[in-house]
Every structure is written in structure tokens, then in C-alpha cells.
Amino acid sequence: MKLTLLLSVFVLTMTTVLSSTYFFGEQTKDTRIVFRDKLKYEAIPLKKRVKTFTYNGTPIIKAISCYDFQNSEASVNITSGGIGFNYVELRLKSQRSYRLDYAIEIYA
Ligand SMILES: *[C@@H]1O[C@H](CO)[C@@H](O)[C@H](O)[C@H]1NC(C)=O
């Protein structure tokens with residue numbers, strides 16, 4: 001029983017450390033999720049996949065979370081708008097030979 005608990009705490013810690021989530025802005029008790037979507041683009045051998053993603057909404061964006069399902073070396077940058085704006089343009093780049101597999105969450 002104790003061991004199971006210890007093990008699950010360990011696994012939880014490991015996944016937190018390993019997952020590469022890009023988080024922009026701040027999440028408070030007043031922020032709520034206004035948008036959620038999964039982005040998936042197949043891998044191109046020996047190449048990095050670069051995609052832009054745009055969101056346009058009414059409320060001012062407070063936080064943006066980009067969760068990489070692959071824990072890869074993919075990266076995300078905000079290229080336009082973002083925190084404090086009602087729109088955002090994200091640039092997503094996969095690790096070489098990897099697909100892009102992201103969950104995007106927008107909080108306002
Ligand atoms: C984001 O910016 C960093 C630093 O300029 C760069 O190393 C990275 O490749 C960029 N990522 C994307 C997806 O544009």
C-alpha cells in the first residue's frame with residue numbers, strides 16, 4: 001500500500017519533469033479555459049515541422065498552455081498577440097524527424 005503510493009508519487013514527479021509544456025502568462029483562480037484544441041501533424045523524415053496556429057477570441061488572454069504529448073525537443077513561440085491581447089499567433093516547431101503533437105489551452 002505504502003509502496004504503491006510512493007511509486008505513484010515518483011511516477012507523477014517524473015512525468016512532470018519530463019513533460020515539456022510551454023506555459024505563457026499566469027493562471028489564477030479567476031482565469032478560466034476558453035479554448036482547447038489538439039494539433040497533430042505527421043512527421044517528415046529528417047525535417048522539422050513548423051506550423052503556425054492562430055486564435056481569435058473576445059476575452060483578453062491571460063495564459064496559454066502548450067502541452068507536448070511526445071516530450072520532445074519541440075518548441076513554441078508567440079509570434080503575435082498573446083498575453084493581454086484577444087488574439088495570439090503561435091509558432092510551433094517539432095524536433096527533427098518528429099511529428100507535432102500538441103494540446104493548446106487558452107485561459108482568459
Ligand atoms: C523560439 O525562439 C527561440 C529563441 O529565439 C528559438 O531558439 C526557437 O527555435 C524558436 N522556436 C520556434 C518554434 O520558432
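The values are calculated or read from the model by the stated rules, or taken from the named source; none is laboratory data. What you see is a predicted model; the values in this text were computed from it and never measured. Every residue, glycine among them, receives a Cβ derived from its backbone with ideal geometry; neighbour counts consider all protein chains shown.
Points worth noting:
- Residues located in the range 32-80, provided they are without any contact (Cβ under 8 Å) to a residue 40 or more places away in the chain and within 17 Å of Ser20 (Cα to Cα): Phe69, Gln70, Asn77
- Odd one out for Ile60 among (1) part of a loop (DSSP other than H, G, I, E, B); (2) within 16 Å of the ligand (Cβ to nearest atom): (2)
- Those residues of the range 41-51 which are surrounded by fewer than 11 Cβ atoms within 10 Å (Cβ to Cβ) and within 18 Å of the chain's Cα centre (by Cα), in sequence order: Glu42
- Selection over the range 64-80 of residues that are part of a strand (DSSP E or B) and either more than 12 Å from the ligand (Cβ to nearest atom) or aliphatic (A, V, I, L, M) (or both) gives a count of 6.
- Apart from one condition, Thr58 fits all of (1) over 15 Å from the mean Cα position of the chain (by Cα); (2) modelled with pLDDT under 95; (3) crowded, with 16+ Cβ neighbours inside 10 Å; the exception is (3).
- The residues of the range 81-102 that are part of a loop (DSSP other than H, G, I, E, B), under 18 Å from Lys47 (Cα atoms) and more than 10 Å from the ligand (Cβ to nearest atom), listed by number, are Gln95, Arg96, Ser97, Tyr98, Arg99.
- Selection status of Gly84, surrounded by fewer than 11 Cβ atoms within 10 Å (Cβ to Cβ) and modelled with pLDDT of 95 or more: yes
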